[in-house]
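What follows is a single structure, written as structure tokens, with notes after it.
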């Protein structure tokens, strides 16, 4: 049994039962979220008892990495987080991928490596930003893969993305066997996976999780849309009938842990929910969850102003219907398998 005790007070002294009821309603939502998350985490641990005991992680401070590390640590596993700056503390180790520096001793005795390292793709697609996206991934992966190969690490799980297939593949159901697409992100993802070549050649079981749009109020593609919908001006970002492949943050995190423990998984694996939706359906569902209208499409000039024309082309104006068949066949169970479930959970509604 887990017991939480919360002490609170209103920011201003406003007497009356309504104020107290509003706070208690917020707390009810928060604890319901936590209860669902904990229950589903415990169910995962029950199914996956044979996890690697010592895991070295790169990119453990990001949106996904922090949650993967927390889930592993909470279940009693030894997680070593690679850090680039500051003095290393307990559970951390220094590395410098730009100079190809990583002490081989860090990986001695490691049962697995999780590679989530890479500069965020969010931002305006300038030449400098695109170069940073690319170089950060290749330097980190190359440095870590060389060290893991030398240390004989048996399991390698790496972040990847559905951007591998290109921004638009209308009319296709994209399995892991689909050909790579065109565009800057497709090229980056292809080279990112290839950069792990040394550890694959050394015989490690390597899994590349091609992740879709991760839904979280704390970051990623969903967070910037919430203020627009809250103001009643939210709407679809691309063509109504174009497909988008998504996944909830919690299912994303559990997908990484599942990949660690599932010997049958190897090579590229699509980490997406089993029911992709169109951009029109996505906007309508988000509007329903937030009790806000969603009929008016978001004008393209807004995202283009933030991301640039190429960023809009690669990240917003997409049409990707990606299959989760390989993940499902490996025994993975989605906790939020429909979009309305995932949005309601992520937004604590």
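The values are calculated or read from the model by the stated rules, or taken from the named source; none is laboratory data. Note that the structure is a prediction, hence the values are computed from the model and not measured. So basically every Cβ, Gly included, is an ideal-geometry build from the backbone, and we count neighbours across all protein chains shown.
Data table
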| read-out | value |
| --- | --- |
| Tabulated pairs, the stretch 337-349, first farther than 13 Å from residue 251 by Cβ and not assigned by TED's automatic domain parsing to the domain that holds residue 35, second at pLDDT 90 or above and part of a loop (DSSP other than H, G, I, E, B), C-beta under 7 angstrom, 6+ apart or interchain | none |
| Number of the exception - residue 283 against (1) crowded, with 23+ Cβ neighbours inside 10 Å; (2) touching a strand residue (DSSP E or B) at 6+ places or on another chain (Cβ under 8 Å) | (2) |
| Among the residues listed as 5, 53, 87, 81, the single one being more than 23 Å from residue 334 (Cα to Cα), without any contact (Cβ under 8 Å) to a residue 12 or more places away in the chain and assigned by TED's automatic domain parsing to the domain that holds residue 103 | 87 |
| The one condition in (1) surrounded by fewer than 22 Cβ atoms within 10 Å (Cβ to Cβ); (2) touching a helix residue (DSSP H, G or I) at 6+ places or on another chain (Cβ under 6 Å); (3) more than 19 Å from residue 111 (Cβ to Cβ) that residue 202 fails to fulfil | (3) |
| Given (1) modelled with pLDDT of 95 or more; (2) under 21 Å from the mean Cα position of the chain (by Cα), index of the condition residue 241 fails | (2) |
